[in-house]
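Have a look at the structure below, then the notes.
The values are calculated or read from the model by the stated rules, or taken from the named source; none is laboratory data. Because the structure is a prediction, the values reported are computed rather than measured. Don't worry about glycine lacking a Cβ; one is built from the backbone with ideal geometry, like all the others, and counts go over all protein chains shown. Just the protein is used for accessible areas: all its heavy atoms, side chains included, with ligands, DNA and RNA removed. Shrake-Rupley method; radii C 1.70, N 1.55, O 1.52, S 1.80 Å.
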Amino acid sequence: MSCTVCPRNCKIDRTAAKGFCGCSSVPLVARAALHYDEEPSISGTRGSGTIFFSGCNLKCIFCQNMVLQDGTLGEPFTPQRLAEVMLLLQSRGAHNINLVTPTPHRDAIVKALRIAKADGLSIPVLYNTNSYETVETIRMFEGLVDIYLPDLKYVDARLSLKFSRAADYFSVAIAAIEEMFRQVGPMVCDADGIAKRGVRIRHLVLPGCVFDTRQVLDAIKAHFGVDCPISLMSQYTPIPSCTVKPLDRPLTKREYESALDYCLSLGFTNVYTQELTSVGASFTPPFSDHVEL
């Protein structure tokens with residue numbers, strides 16, 4: 001069966017070969033654990049029950065989780081086992097089930113969520129994505145996903161082509177995020193500040209690219225309004241394999257402050273910010289071929 005799960009539309013039979021994303025038809029999981037390095041509304045005090053999938057359809061040259069990008073690291077999981085892991089994370093106190101880079105594994109995850117919910121999964125399910133998604137794929141998660149945490153990486157097609165091999169990134173991503181908002185609306189938190197439902201858009205400010213951050217913020221305001229929840233992230237960490245300028249250096253304080261000032265000047269009312277001390281390896285958890293819970 002030819003794969004059309006994501007906008008790459010590579011039409012590979014993933015039962016016989018790997019797609020553009022590096023994935024076969026069986027998901028590989030490189031880590032499943034309580035994770036404490038998301039926004040406070042996601043990690044809370046007990047951690048986010050995070051499942052890191054191997055493989056990615058975007059291929060960002062600066063990816064913080066580069067070891068997962070080619071789809072080779074991790075342990076194969078059936079939908080039944082995925083469901084069991086979700087329930088185990090719930091039993092350990094997770095605030096939510098956090099699916100990281102789920103797109104290539106859409107069909108298996110949909111099956112797993114249906115099994116898990118039938119067996120008692122009651123905490124929110126979070127879809128953590130680069131937003132290079134088809135609207136059809138996002139629609140398949142309606143009623144199964146409570147929280148969407150989409151990146152909006154670029155507006156400028158030159159940057160998205162150069163850095164992520166996707167000249168059409170913005171038009172694809174904005175349509176997918178609009179579908180997410182249609183399903184669940186903007187993020188809503190409980191009395192303790194823990195996310196229960198809705199969308200928060202993330203944007204990572206890249207070194208030398210504040211001009212595009214301004215375009216991203218303009219687009220968010222135009223499509224979703226100034227009350228749209230945003231995470232404006234400063235945690236860009238240069239990786240050794242990325243030698244393309246200006247991504248070969250850290251983000252400067254001046255660059256991040258310029259991006260934040262512009263964000264506030266637009267009137268955004270719900271913005272999560274980071275200190276530049278957020279930069280570093282702490283945001284990259286350990287991954288392996290064998291998942292221990």
Subset of the stretch 75-87, residues crowded, with 22+ Cβ neighbours inside 10 Å and assigned to a loop (DSSP other than H, G, I, E, B), comes to Phe77
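Would you tally the residues in the stretch 133-166 being part of a loop (DSSP other than H, G, I, E, B) and surrounded by fewer than 15 Cβ atoms within 10 Å (Cβ to Cβ)?
2
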When every residue in the stretch 187-217 that is without any contact (Cβ under 8 Å) to a residue 60 or more places away in the chain and open to solvent by 60 Å² or more (accessible area, probe 1.4 Å) is compared, the one farthest from Ile147 (Cα to Cα) is Phe211
In the set Cys56, Cys6, Cys63, Cys23, the lone residue that is closer than 20 Å to Ser131 by Cα and touching a His at 6+ places or on another chain (Cβ under 8 Å) is Cys23
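Can you pull out the strands (runs of 3 or more DSSP E) entirely within the stretch 174-238 that have at least 1 residues that are touching a Gly at 6+ places or on another chain (Cβ under 6 Å) and over 25 Å from Cys63 (Cβ atoms)?
Numbers: elements: 195-199, 201-204, 230-233.
Passing ranges, in order: 195-199.
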For Glu255: the one exception among (1) open to solvent by 40 Å² or more (accessible area, probe 1.4 Å); (2) over 14 Å from Leu149 (Cβ atoms); (3) of a type in the set (D, E, K, R):
(1)
Which residue pairs have Cβ atoms under 6 Å apart, sit 6 or more places apart or on different chains, and have a first residue in the stretch 6-29 that is over 10 Å from Ser54 (Cα atoms) and a second that is β-branched (Val, Ile, Thr) and open to solvent by 40 Å² or more (accessible area, probe 1.4 Å)?
Gly19/Ile12; Ser25/Thr15
Examine the stretch 27-40 for a residue that is more than 20 Å from the chain's Cα centre (by Cα) and over 26 Å from Cys242 (Cα atoms), and state whether such a residue exists.
no
